[in-house]
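What follows is a short report on a single structure.
The values are calculated or read from the model by the stated rules, or taken from the named source; none is laboratory data. It should be emphasised that the depicted structure is a prediction, and the values quoted were computed from it without experimental measurement. Here the Cβ is made from the backbone with ideal geometry for all residues, glycine too, and neighbour counts use every protein chain on show.
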């Protein structure tokens, strides 16, 4: 696939994007030199970073498979980023071909590439929107045509809420989505955590903030508050590698700091 087939007019190739930097760490090819430079610098400062991001991807896979196994057939992936191998629609539709998926991202490259690979899949759609504007997302005509709000929906916030500043009140954003979900719906979150992190991790986070526009690690207690009064699925809010692992995930050098993840159910 040549570059022109996936990047969109209006992309600032001089400014790194969180979605494209993530793509670099996952071994993707939908990024620019500025993204690769930042990814390389971050990995030098925090050598475990690629493993952390792969752990997040593995968490995504396990969550989607588990929820599809519980009968969930609708997924709303917020801040979805650039699709790589093993994205939500592939996992969900392998489990159940009738699963429907909506991807939401504000990055032009992420949405442009998503639409290109989703061509011909009438149960999946990608829209460009700021997920912080909840009503704009949930009232979008493509979202309404794809998702049935009379049936359970899984809302996914994978490694994205730590890009939302405190001033935007991420807890309120999440609760606004939950409030509009039908009973029996699910909320999944993974989030960078500030508890007991090494200095190199803090430095890498500060660099991300300076270059991308904000990276906000939070204490686990604040992340737990995002689930409100939802019923947490076992094993609760835990290190990503500990959430229903398929097998022990222990990379060379020992277990990386990954931050917590969990899934809650709306009664």
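Here is the figure for the stretch 19-51: residues that are modelled with pLDDT of 80 or more, under 26 Å from residue 199 (Cβ atoms) and either under 13 Å from the mean Cα position of the chain (by Cα) or not in a helix (DSSP H, G or I) (or both) total 0. Only residues that are surrounded by fewer than 16 Cβ atoms within 10 Å (Cβ to Cβ) and farther than 25 Å from residue 64 by Cα were counted across the stretch 160-206, and they come to 13.
Taking the options 55, 126, 110, name whichever one is surrounded by 22 or more Cβ atoms within 10 Å (Cβ to Cβ), modelled with pLDDT under 90 and more than 26 Å from residue 245 (Cβ to Cβ).
Just one listed residue meets the conditions, 110.
The stretch 64-171 holds helices (runs of 4 or more DSSP H) entirely within its bounds, and those carrying 3 or more residues that are under 26 Å from residue 192 (Cα atoms) and touching a helix residue (DSSP H, G or I) at 6+ places or on another chain (Cβ under 6 Å) map to 88-95. For the stretch 78-99, a residue qualifies if it is over 21 Å from residue 29 (Cα atoms) and either surrounded by 22 or more Cβ atoms within 10 Å (Cβ to Cβ) or within 12 Å of the chain's Cα centre (by Cα) (or both), and the qualifying residues are 78, 92, 99.
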